[in-house]
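Worksheet: one structure, shown below.
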Amino acid sequence: MKFNKAILDMYLVAGTQNVHGNIDSFLSQLEAACRHGITAFQYREKGPSALSGTRKLEIGRLAHDITQKYHVPFIVDDDIELANQLNADGLHVGQNDTDISQVLQDAHNMFVGLSINTKDELHDAQKVSGIAYLGIGPIFSTQSKRDAAPAIGTQNLHQLSQATDLPTVAIGGINEHNVQSVRQAPVDGVAVISAIMNSSNVAATIYQLKGKSLL
Ligand code: TZP
Ligand code: MG
C-alpha cells in the first residue's frame, strides 16, 4: 500500500495486553473502532503479558482480517517477520526497537513509521531517508506503556511537528477531553490506545477524538 498521511488522522494502537488478555474484547473493540471510522490500526503486542510466537501470529491474522473488511490500513509494531507473514501495510518502530536503517532496508512493500520524543531524535530521524511518518510522544502521561519516555506536552509537540516536513501523529495520554489541544498543533492525526480500547461507546469516543463535539 502506498502511504498517504490522511491515514494518520485517527490511529488506533492496541494489543491483547491492553484488554487484560481478553481476545474477544480485543477483537470486538477493534471491529467497533473500524466500523466507526479509525483510519489506521497498529497491532502492538508489548509488555509482560504480550503474546508471542504462533499465538501472536494467530491473533494478528484475526485482527488483520477485521481491518481488511473495513479497508483500514494494518501496521505491525516492531516485528518485521510478523509484518511480512501478515502482508501488513506498514511497520512501526520505536527508539528502543530494531534500528530504523535496518528496518528500512528489510521492509519491502511496506511503509515505515518511527517514534520520537526529543529534538535530537527528530534530527536523527531527518537524516534517514524513507521514513513515512513520525509518531511524537508521549504528549501526556500514559498508563499504557511502562517504559514510556517523559511526557512532552502540547507546546513541545507543536515545536517538533512544526520542525519537520514528515507527516506526524501525536500519541500518549490523548483522550476526548484533551484532544482539542493536541489537534491545535500542526499534526496529521492522533493515536490512542486506552481512549478507544477502554471505551464503552466507541462510536462516541471516535467522534470526539476526531475533534468533533457532541454538544
Ligand atoms: N507510545 C508512546 S505513548 C504510548 C505508546 C505506544 C501509549 C499510548 O497509550 P494511551 O493509552 O493512548 O496513552
Ligand atoms: Mg515500538
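Here, each number is a calculation from the coordinates, and none is a lab measurement. This structure is a prediction, so every number in the text was calculated from the model and none was measured. Here Cβ is always computed from backbone atoms with ideal geometry, including for glycine, and neighbour counts include all displayed protein chains.
Looking at the chain alone, DSSP beta bridges between its own residues are antiparallel in about 0 percent of cases. Total lysine pairs in the chain at Cα distances under 17 Å, for residues eight or more apart or on different chains: 4. The fewest-to-most ranking of LYS46, LYS210 by surrounding Cβ atoms within 10 Å reads LYS210, LYS46. Backbone phi angles across the range 42-58, fed through the Karplus curve with coefficients 6.51, -1.76 and 1.60 (θ = phi - 60°), yield HN-Hα couplings of 10, 7, 10, 8, 8, x, x, 9, 5, 6, 8, x, 5, 5, 5, 4, 4 Hz in residue order; Gly and Pro are listed as x. Summarising the label geometry, the points placed 7 Å from Cα in the beta-carbon direction at ASN198 and LEU57 lie 3.4 nm from one another.
What net charge is computed for the residues neighbouring HIS71, neighbours being all others with C-beta under 15 Å from the C-beta of HIS71, Lys and Arg scored +1, Asp and Glu -1? Taking every other residue near HIS71 into account, the sum is -1. For the chain, a Gaussian network of Cα nodes joined below 10 Å ranks GLY15, GLY130, GLY113 by mean-square fluctuation, and the top entry is GLY130.
Using the rule -39500 (n - 2.57) for each DSSP H run of four or more residues, divided by the residues of the chain, the 222 nm mean residue ellipticity is -10500 deg cm²/dmol. Sorted ascending by nearby beta carbons within 10 Å, beginning with the fewest, ARG183, ARG44 become ARG183, ARG44.
Loop-located trypsin sites (Lys or Arg not before Pro) in the range 81-154 (DSSP state not H, G, I, E or B) with no more than 12 neighbouring Cβ atoms inside 10 Å: ARG146. Highest GNM mean-square fluctuation among VAL128, VAL187, VAL93, for the chain modelled with Cα contacts below 10 Å: VAL128. Counting only residues 5 or more places away or on other chains, whose amide H sits under 5 Å from the amide H of GLY94 once H atoms are built in the peptide plane? When sequence neighbours closer than 5 places are left aside, the close amide H contacts are SER115. Over the chain, Cα pairs under 8 Å with separation of 6+ residues give a relative contact order of 22 percent.
The spacing between the range 67-116 and the range 150-195, judged by their C-alpha centroids, is 21 Å. When each of ASP78, ASP89, ASP165 is scored by the number of other beta-carbon atoms lying within 10 Å, the sequence from fewest to most is ASP165, ASP78, ASP89.
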